[in-house]
């Protein structure tokens, strides 16, 4: 029986809050893209390539990094990202 796609919250919450998935923007034109390096091995290499592709398309890119991969992003970093960019890519790499 196919129940469709189920998205899970990757944090360590024991009772994660249910969040509606926001629809993707129809286009990235005119938006600012945030790239978040979570501190995993080679994550910055992945983000370098992503940044190059977006920049080549004329999309504004801002880079961010968590202070450690062992914890969630600090609230002030998450707030800054939310205020400064329209969409975000997290770098997960191992």
Below 8 Å between Cα atoms, with a sequence gap of 6+, how large is the relative contact order for the stretch 32-91 in percent?
57 percent
Rounded FRET efficiency, nearest 0.05, which uses the C-beta distance separating residue 19 from residue 83 and R0 of 22 Å
0.70
Compute the distance in nm between two label points, each set 7 Å from the Cα along the Cα-to-Cβ direction, one at residue 46 and one at residue 62.
2.2 nm
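Counting pairs of Cα atoms in the stretch 48-93, how many percent are more than 17 Å apart?
On the way: 401 of 1035 pairs.
Cα-Cα pairs of the stretch 48-93 separated by over 17 Å account for 39 percent.
Every number here is computed from the coordinates shown, using simple stated rules; none is lab data. Predicted model only: the values in this text are computed from it and were never measured. Glycine gets a Cβ as well: all are built from the backbone with ideal geometry, and neighbour counts include every protein chain shown.
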